[in-house]
Amino acid sequence: MAPDNRIAICPGTFDPVTFGHLDVIARSSKMYDLVIVAVVNLPWRKGSTVFTTEERVGFLEGATRDLGNVTVEPFSTLLVDFARQRSAMAIVKGLRAISDFEYELEMNQLNRRQDPEIESVYLMASAKYSFLSSSGIKELATFGGDIDDLVPAEVSSALKERLSR
Ligand code: PNS
């Protein structure tokens, strides 16, 4: 990739990816030459994930196949280190309700402290996804709720198989 290309990172745990994440990724892909979806390999905060890193990466690869300038990679380092290794200029995240703001403000300040050159950019969630979260999806799936219009079909069937009671 040429040095003046604009590369962005869309990071997350994606356990699992939702249409809300995919909306942010697709919108980012119109703003940057290359978008690297960075999948957290070792989440320290939330304990174990329902899906392995390989599964989470696979769901994202399937769901972004039609976006020519989007790639998916796991990472196991500090986010800013990964961004720097990939020569990214920005970290792009979605913001849903006000409740996201406090967490993202903290992450923003931590990340900027590590590397002030990498800017964080926030896209407001599209209204229809503004209350959609991976944890909400998992709760719905556990109790047999309808998630088909909230996650890709492959994710929906994998979740039903793994979580339904
Ligand atoms: O909302 P998520 O999916 O838990 O977000 C994960 C991520 C990596 C975007 C968030 O934890 C973040 O911005 N972390 C910055 C601090 C860092 O680099 N941690 C190490 C990787 S978890």
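The values are calculated or read from the model by the stated rules, or taken from the named source; none is laboratory data. The model shown is predicted, which means the values in this text are computed figures rather than measured ones. Every residue, glycine among them, receives a Cβ derived from its backbone with ideal geometry; neighbour counts consider all protein chains shown. Side chains are part of the model used for accessible areas, which takes the heavy atoms of the whole protein and leaves out ligands, DNA and RNA. Shrake-Rupley method; radii C 1.70, N 1.55, O 1.52, S 1.80 Å.
Side notes on the structure shown:
- Cα principal axis extents for the chain, largest first, Å: 49, 33, 30
- Inter-label distance, nm, simple model (7 Å from Cα along the C-beta direction), LEU78/GLU61: 3.0 nm
- Per-peptide average of other Cβ atoms within 10 Å, ordering 153-164, 54-65, 95-106 highest first: 54-65, 153-164, 95-106
- Cross-link reach is defined here as a Cα-Cα straight distance under 18 Å, omitting same-chain residues fewer than 8 places apart; for LYS138 the aspartates and glutamates meeting it are ASP15, GLU55, ASP146, ASP148, ASP149, GLU154, GLU161.
- FRET efficiency estimate (nearest 0.05) - Cβ-Cβ, ASP100 to ARG162, R0 30 angstrom: 0.70
- Full extension of the chain segment joining MET124 with GLU139 gains 3.0 nm, where the gain is 0.36 nm per residue of separation less the Cα-Cα distance.
- Expressed as a whole percent, the accessible area of the chain that falls on carbon and sulfur atoms is 53 (1.4 Å probe).
- By the helix-only formula, in which each DSSP H run with n ≥ 4 contributes -39500 (n - 2.57) and the sum is divided by residues, the chain has a 222 nm mean residue ellipticity of -12000 deg cm²/dmol.
- Entry note, the chain: relative contact order of 27 percent, from Cα contacts under 8 Å with a spacing of 6+ residues.
- MET107, MET124, MET89, reordered so the largest accessible area comes first (probe 1.4 Å): MET124, MET89, MET107
- Per residue accessible area in Å² of the chain, where ligands, DNA and RNA are left out and the probe is 1.4 Å: 56 Å²
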